[in-house]
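So the structure is just underneath, and the comments pick up after that.
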């Protein structure tokens, strides 16, 4: 799905999403990544939701966001509180959503000027045989 352009052109904006990936400023990505408004997207070494660890969330602390939007793939899943504890201990909110909802929510919060981090788990689509 393509998303509409807005006045946030100089920020890292989700411009589309598709099975197995997303577009940030019209650049496709087919791997898990971290997106923040004012810095280029960076790879996030998470292959699947089931492989999430405390260390994955600790990587987000250095960005000092107000809120982390976790895109969990095709369906919404909730990270166990012990995994997100490093963030919640610093009063950083963590919201879990399916990837499409996470992308839309990130764009809204970013456009409002919020200090938001989008952490997307991009899983490879299952090949039908």
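Figures for the structure shown
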| read-out | value |
| --- | --- |
| Length gained when the stretch residue 85-residue 101 is fully extended (0.36 nm per residue, less Cα-Cα span) | 3.5 nm |
| Potential lengthening between residue 124 and residue 64 on full extension [0.36 nm per residue; Cα-Cα distance subtracted] | 18.7 nm |
| Relative contact order for segment 14-120, counting Cα pairs under 8 Å that sit 6 or more residues apart, in percent | 30 |
| Hypothetical label at residue 115: residues of segment 39-61 whose amide nitrogen lies under 18 Å (7 Å Cα-Cβ projection) | 39-40, 58-61 |
| Value of [θ]222 nm, deg cm²/dmol, for the chain, DSSP H segments ≥ 4, -39500 (n - 2.57) each, nearest 500 | -5500 deg cm²/dmol |
| Shape call, the chain: gyration tensor on alpha carbons, a/c limit 1.5 | oblate |
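No value in this document is a laboratory result; all are computed from the given coordinates. As the structure is a computational prediction, the values presented were derived from the model and not from experiment. Positions of Cβ are backbone-derived with ideal geometry, glycine not excepted, and every protein chain shown enters the neighbour counts.
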